[in-house]
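These notes concern the structure reproduced below.
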Amino acid sequence: MEGKHIHRCLLFVFGVVVVTVFVVFNFPNPLSDRSELLRCATNSAWCTSKNRILRHPTDAFLRHDHTADVPHHPLDPLTIQEMNKVQKVIVAFFDESAYAVHSLVLEEPDKEVVLKWRKGDEIPPRKASVIARSAGKNYILTVDIESGAVAEQDTSLISGYPLVTMEDMEATIRAPLASAHFNRTVAARGVDPEDVACLPFSPGWFGKSEDGRRLVKLECFSIKDTVNFYMRPIEGIIVITDLDTKEIVEIVDLGKHIPIPKGTGSDYRLSADNSAIIKLANPISMEQPNGPNFVIEDNHLIKWANWEFHLKADPRSGVMISGAKIKDPDSGAIRNVMYKGFTSELFVPYMDPEEAWYFKTYMDAGEYGFGLQALALDPLNDCPRNAKFMDAVFAAADGKPYVKPNMICIFERYSGDAAWRHTESPIVIGQELREARPKVSLVARFVATLANYDYIVDWEFHADGLIHAKVSLTGMVIVKGTSYVNTNQVNDSEDMYGTLLADNIIGVVHDHFINFYLDMDIDGTDNSFVNVHLQREYTKNSVPRRSYMKVNKTVAKTEKEAQLRLKLYDPSEFHVINPNKQTKVGNSVGYKLVPSGGTAASLLDPEDTPQKRSAFTNNQIWVTRYNKSEQWSGGLFAYQSHGDDTLQVWSDRDRAIENTDIVLWYTLGFHHVPCQEDFPIMPTVSSGFDLKPVNFFERNPVLRIAPYVEKDLPVCKAAAAA
């Protein structure tokens, strides 16, 4: 290793910023073979088993032997030993017949069992929830891990299929190249089949004529002369393939007149063009030489400041936050806030109705697995230097476990913001008062890479009781090939369905919607949802002012009353309260959902099949009566689903939701009209929401946080150059 280590650091004492200057070293990616790069992109289980994960020098002290893991909490994920037991049961159940496991996770105990459990109690009986396919049939199995007993659930009334496995994708991307018809088709476009890569895209569902076969539509790219093959689409070639048989059903070839983009300037790697590297002379890092202020107990229980919560990886949602509790600074009581929160589903519809594009209406969590698509985080760039990392243990298609290393990072954040502050002028009280407190937070983060797009999901906990959830988007826009190289070639009446980004490349307009499941338990399970409507009111007396804003509170009685859309000029606050517990002055304790950043609403027709399948985007706010089986807002089997098992369907049952166990759902959204700055890789954009205490505490919960003083902040001076 060459170069100079130059470190300038400050110790981190509960949120004190630390600055480090360092020289960045580049570590070569051992995946130099193109086929291995593609295989790792679609099969992280294989990637891990072959030790193909890029290793960072800090990985050495992050490795954890999971073979000896045992559960310590009712919600702890299945261990390697437990998965191995379940895998043997699965083999026996299918009587040595061929099968594929699409999901193997903990069958969580009933909520009341978990809530009654205390550390030191015996762990409730452990069960596994298995979704599998064999001989063209979907199976839902519950396996008792101790006894091996299997209970099978009827799946005949559920449309669609479970999410595709990594092994499905790996086998499918190879199918076109084994077809002489396909090879002739791409050769006719002037492309050597050796320079072709195909990626599997879910086909959506557009009528009963598509039932009966589990299909995938492969789009193909030239991988010659750039690693960013997304910018070199072979436009109009779609290979429709049967996922079960790997048989090619049809090859669509509609874009023969469209040239393949050259991909000039599309390589986003630093090594591709280092002629004008932008680099801070003094890069910034956070350091905690004395260690973090949070602890991770028994692998999954996070304790930080006044918060504690259970954190685990999940193959479908990415991460799950459970049992979020906060210590009341006045009473000292540990109080329940949220039983469970996670990303339930995504919807990414592209706005091009042409033959090769109309089906691109992805439901990424239910079709691909948000967690399955996560890869190891980069310790210095995905997460700050002071982060700690958590692995995931998932099941491959044969049911055997594998470790996905460094999938989640946990770190403390301080960016110089104030938790609160005030300065009082001496004119009034005879002396100047200046009080300020630093805002520090704890972040749990993972990143899912779904082919071209990267989704960064943060759960951020603040000492004042606020929980901030944020989704950030980056990666590549899926582009469409075109004959145009300048907008002056485009006829005024022609709709390109996007923006010309570079020669022969159109970035197609699309949306991103992310739906969150938020089981709020504010000081208990019996809660109510309150629409705090803000409206204009007119004065009735002789004062000069004519109008003011009035607050009207309405408690939702049933689920349909809580189907709400955000309206800028007809605003509301959205409160979840416990009507059975009040503060000293009589307000019901609660939390409110506060959208942060812009949000977007779907503009698709409600009867359009993609919209019916992703009907959770019909509203931004939903509240349903708690039902353990209702967790995935796009349906349990989202792949080629008909839209008959969605949040809209459940909510339309219009069950009572007042003073009972309820679930809050929030859908945030992005409209994306691509622009040239999105080429060749887009800068990160973000949106999110807050869960904020509202009359939950008797007063400001961070009132007594101590300010920083210079003597509390040890300083590490610059080390001598090596």
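Being part of a loop (DSSP other than H, G, I, E, B), of a type in the set (D, E, K, R), open to solvent by less than 50 Å² (accessible area, probe 1.4 Å) and touching a strand residue (DSSP E or B) at 6+ places or on another chain (Cβ under 7 Å) is true of Glu630.
Determine if region 577-588 includes at least one residue that is hydrophobic (A, V, I, L, M, F, W, C), touching a Gly at 6+ places or on another chain (Cβ under 8 Å), surrounded by 10 or more Cβ atoms within 10 Å (Cβ to Cβ) and in contact (Cβ under 8 Å) with a residue 40 or more places away in the chain.
Kept after step one, since they are hydrophobic (A, V, I, L, M, F, W, C), are these residues of region 577-588: 577, 585.
In the following step, the residues that additionally are touching a Gly at 6+ places or on another chain (Cβ under 8 Å) were identified as 577.
Imposing the further condition that a residue be surrounded by 10 or more Cβ atoms within 10 Å (Cβ to Cβ) reduces the set to 577.
From what is left, the residues that are in contact (Cβ under 8 Å) with a residue 40 or more places away in the chain are 577.
Among the residues of region 577-588, at least one is hydrophobic (A, V, I, L, M, F, W, C), touching a Gly at 6+ places or on another chain (Cβ under 8 Å), surrounded by 10 or more Cβ atoms within 10 Å (Cβ to Cβ) and in contact (Cβ under 8 Å) with a residue 40 or more places away in the chain, which makes the answer yes.
Within region 594-627, the set of residues being under 18 Å from the mean Cα position of the chain (by Cα) and surrounded by fewer than 22 Cβ atoms within 10 Å (Cβ to Cβ) comprises Pro595, Ser596, Gly597, Gly598, Thr599, Ala600. For region 556-574: of the residues being open to solvent by 40 Å² or more (accessible area, probe 1.4 Å) and of a type outside the set (D, E, K, R), which is farthest from the chain's Cα centre (by Cα)? Top of the filtered list is Tyr569. Of all the residues in region 681-722, those that are open to solvent by 50 Å² or more (accessible area, probe 1.4 Å), modelled with pLDDT under 85 and either part of a strand (DSSP E or B) or under 30 Å from Tyr455 (Cβ atoms) (or both) number 1. Quick one: is Ser472 assigned to a loop (DSSP other than H, G, I, E, B) and on the phi < 0 side of the Ramachandran plot? Here the answer is no, as Ser472 does not meet what is asked. Those strands (runs of 3 or more DSSP E) of region 226-341 in which 1 or more residues are among the aromatic types (Phe, Trp, Tyr) and under 30 Å from Met390 (Cα atoms) occupy 294-297, 301-304, 307-314.
Scanning region 220-262 for residues that are open to solvent by 60 Å² or more (accessible area, probe 1.4 Å) and of a type in the set (A, V, I, L, M) turns up Val249, Leu254.
Comparison of Glu167, Glu194 shows that the only residue that is charged (D, E, K, R), more than 19 Å from Glu247 (Cβ to Cβ) and outside any loop (DSSP other than H, G, I, E, B) is Glu194. Residues in region 653-680 that are open to solvent by less than 30 Å² (accessible area, probe 1.4 Å) and β-branched (Val, Ile, Thr): Ile657, Thr660, Ile662, Val663, Thr667. Within region 282-309, the residues that satisfy the criterion of being without any contact (Cβ under 8 Å) to a residue 60 or more places away in the chain, open to solvent by 30 Å² or more (accessible area, probe 1.4 Å) and either under 19 Å from Cys383 (Cα atoms) or not acidic (Asp, Glu) (or both) are Val295, Lys303.
So that you can scan it fast, the table gives a plain yes or no per residue for (1) of a type outside the set (Lys, Arg); (2) farther than 27 Å from Asp511 by Cα; (3) buried (at least 21 other Cβ atoms within 10 Å of the Cβ); (4) within 17 Å of the chain's Cα centre (by Cα):
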| site | (1), (2), (3), (4) |
| --- | --- |
| Gly341 | yes, no, yes, yes |
| Ala395 | yes, yes, yes, no |
| Tyr402 | yes, yes, no, no |
| Asn406 | yes, yes, yes, yes |
| Asp417 | yes, yes, no, no |
| His422 | yes, yes, no, no |
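Any chance region 637-651 includes a residue that's under 25 Å from Phe342 (Cβ atoms), surrounded by 15 or more Cβ atoms within 10 Å (Cβ to Cβ), without any contact (Cβ under 8 Å) to a residue 40 or more places away in the chain and of a type in the set (Ser, Thr, Tyr)? The answer is yes; a qualifying residue exists. Look at Asp211 and say whether it is among the charged types (D, E, K, R), farther than 22 Å from Glu170 by Cα and touching a helix residue (DSSP H, G or I) at 6+ places or on another chain (Cβ under 7 Å). So Asp211 fails the test.
Taking first residues from region 701-712 that are closer than 21 Å to Gly465 by Cβ and partners that are hydrophobic (A, V, I, L, M, F, W, C) and assigned to a loop (DSSP other than H, G, I, E, B), the Cβ contacts under 8 Å between residues at least 6 apart in sequence or on separate chains come to Pro701/Ala463; Val702/Ala463; Ile705/Ala463.
Of all the numbered requirements in (1) of a type in the set (Ser, Thr, Tyr); (2) within 31 Å of the chain's Cα centre (by Cα); (3) surrounded by 15 or more Cβ atoms within 10 Å (Cβ to Cβ), Ser179 misses one, and that requirement is (2). Checked against (1) of a type outside the set (A, V, I, L, M, F, W, C); (2) within 19 Å of the chain's Cα centre (by Cα); (3) over 27 Å from Ile234 (Cα atoms), Tyr362 passes all but a single condition, namely (3). Scan region 429-452 and tell me whether some residue there is in contact with a Leu (Cβ under 7 Å, 6 or more places away or on another chain), at pLDDT below 95 and closer than 20 Å to Ser472 by Cβ. For region 429-452, residues in contact with a Leu (Cβ under 7 Å, 6 or more places away or on another chain), at pLDDT below 95 and closer than 20 Å to Ser472 by Cβ: present. Inside region 506-555, residues that are exposed (fewer than 14 other Cβ atoms within 10 Å of the Cβ) and hydroxyl-bearing (Ser, Thr, Tyr) make up a count of 6. Of all residues assigned to region 169-176, none qualifies as being open to solvent by less than 10 Å² (accessible area, probe 1.4 Å), of a type in the set (Val, Ile, Thr), in contact with a helix residue (DSSP H, G or I) (Cβ under 8 Å, 6 or more places away or on another chain) and at negative phi. Just a yes or no: is a residue in region 375-385 at pLDDT below 95, in a loop (DSSP other than H, G, I, E, B) and under 14 Å from the mean Cα position of the chain (by Cα)? Within region 375-385 (the criterion being at pLDDT below 95, in a loop (DSSP other than H, G, I, E, B) and under 14 Å from the mean Cα position of the chain (by Cα)), the answer is yes, since at least one residue qualifies.
Within region 127-159, track down each residue that is touching a Phe, Trp or Tyr at 6+ places or on another chain (Cβ under 6 Å), among the aliphatic types (A, V, I, L, M) and either surrounded by fewer than 21 Cβ atoms within 10 Å (Cβ to Cβ) or over 21 Å from Asp242 (Cα atoms) (or both).
Val150, Ile158
Which residues, counting only those in region 426-455, are surrounded by 10 or more Cβ atoms within 10 Å (Cβ to Cβ) and without any contact (Cβ under 8 Å) to a residue 12 or more places away in the chain? Within region 426-455, Glu432, Leu433 meet the criteria. Could you say whether any residue in region 476-495 is under 13 Å from the mean Cα position of the chain (by Cα) and open to solvent by less than 10 Å² (accessible area, probe 1.4 Å)? No, region 476-495 contains no residue that is under 13 Å from the mean Cα position of the chain (by Cα) and open to solvent by less than 10 Å² (accessible area, probe 1.4 Å).
The values are calculated or read from the model by the stated rules, or taken from the named source; none is laboratory data. Quick caveat, the model's predicted, so the values are computed rather than measured. Here the Cβ is made from the backbone with ideal geometry for all residues, glycine too, and neighbour counts use every protein chain on show. Note: accessible area is taken over every heavy atom of the protein model, side chains too, but ligands, DNA and RNA are not part of it. Shrake-Rupley method; radii C 1.70, N 1.55, O 1.52, S 1.80 Å.
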